[in-house]
Amino acid sequence: MPHAVDPIHARAEENLRYIRDAMARAGAFTAVPGWGGVAMGATALAAAAISGPPDDSLRWILVWFGDAAAAATIALTAMARKARRSGAPLSPGSPAYRFALAYVPPLVAGIVLTPVFATLDLMARLPGCWLLLYGTAVATGGAFSVRVVPLMGVAFMALGAIAFAAPAAWGHYFLAAGFGGLHIVFGLIIARHYGG
Amino acid sequence: MARSASSRQTAAGGREPGGARPQAKRSTLDLDRVIHERLRLGIVSALAVNERLTFNDLKRLLQTTDGNLSVHARKLEDAQYIACDKTFDGRVPRTEYRLTAAGRRALEKYIAHMDAIIKAVRD
């Protein structure tokens, strides 16, 4: 029986597919910015120092909204810079894009739940809610990234669960430990091992 | 591995009725054998989207063995397509690879070859 030979263009297409797949898999290394995480952690520590314990004031929540906006700006800028430096794509289908798709829904849930908690006089429980949902976002987005990323998400989730059980007045400590400490620790690990 | 892949392609090129066109034939024959081999192509592609990758990163990404990766990485080093830096992380030796300018050019040329083959057949 004669040996079947692939058409030349099919082999060429397969080779290009292989290159794209190898780049996409390797791109997972570059999707999450480590130094960006460290910077986000630093702003969260500052926010915790400014905000103090959770209370029902508009000031308290605005401090953390301000930090969330700063963190989002840092994250997007750092991710774009890291992707550009390494040549990793940010186009639809890329690891960074898939990360964002899985990352955003739990964050949207957090945005929806924040006014609900506020109107039910549960502002003091917002730290647990935010940490839990942010952790969920990182854990689900991290499914498309290196192992340390979902691990970071699980650490945030655990901290959020503990925050619900702890005295409400400790909320800013939990926020500092999570958005500050965990971001810095995991950011340094990612920066050191996964290209900045 | 490289030999079998390239010989299949050359044979395929010969079978194309009327031509996988001269351009495509030339592209096939001019293929860079150093990165045409599957694992070496994977190494170069992975390094193209990362400044540096460790030996273990590459091994995990490409799902290969220590020996296989070593052999193919050495061939890429010999061709000066990748550079290897050996350091110590504490007492643990750490081998990192990065793509050289020549390696990036070789990958771009290889991708252009593949595009040319596909385009020649479709046109």
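All of the numbers you see were taken from the coordinates with simple rules; none came from a lab. The shown structure was predicted, so the numbers you read here are calculated from the model rather than taken from an experiment. Counting neighbours? That spans all protein chains shown, and the Cβs are built from the backbone with ideal geometry, glycine included.
How would you order A:183-190, B:40-47, A:75-82 from highest to lowest mean count of nearby Cβ atoms within 10 Å?
B:40-47, A:183-190, A:75-82
Normalised by the empirical 2.2 N^0.38 Å for globular proteins, what value does the Cα Rg of segment A:16-69 take?
Relative to the 2.2 N^0.38 Å estimate, segment A:16-69 comes out at 1.86.
Just counting partner chain Cβ atoms within 10 Å, what average do the residues of peptide A:13-25 show around their Cβ? Display every interim value, and only then the final one.
Working: counts 5, 1, 12, 6, 1, 5, 11, 2, 2, 13, 9, 3, 8.
Mean shielding by partner chains, rounded to a whole number: 6.
How high is the relative contact order of segment A:31-193? Use alpha-carbon pairs under 8 Å, at least six apart in sequence, and give a whole percent.
Working: 243 pairs, mean separation 59.9, N = 163.
Computed over segment A:31-193, the figure is 37 percent.
If R₀ is 30 angstrom, what is the calculated FRET efficiency for the pair A:Ala109 and B:Thr95, using the beta carbon separation as r and rounding to 0.05?
0.10
Percent of alpha carbon pairs in chain A separated by more than 19 Å?
Above the 19 Å cut-off, chain A has 61 percent of its Cα pairs.
Determine the gain in length on full extension of the stretch A:Arg81-A:Leu122; use 0.36 nm per residue of separation and subtract their C-alpha separation, reporting nm with one decimal.
Details: separation 41, 0.36 × 41 = 14.76 nm, distance 3.83 nm.
So the extension gain works out to 10.9 nm.
GluC sites (Glu not before Pro), restricted to segment B:33-78: which are DSSP loop and have at most 16 other Cβ atoms within 10 Å? Walk me through the numbers before you get to the answer.
On the way: sites: B:Glu37, B:Glu51, B:Glu77; in loops: B:Glu37, B:Glu51.
Here the GluC sites (Glu not before Pro) that fit, given the DSSP loop and packing criteria, are B:Glu51.
What ranking do A:Trp35, A:Trp60 get, fewest neighbouring Cβ atoms within 10 angstrom at the top?
A:Trp35, A:Trp60
How big is Rg to Rh over segment B:53-123, alpha-carbon atoms, Rh as the Kirkwood inverse-mean-distance radius? All intermediate terms of the calculation are to be shown ahead of the outcome.
Values: Rg = 15.7 Å, Rh = 13.9 Å.
Dividing the radius of gyration by the Kirkwood radius yields 1.13.
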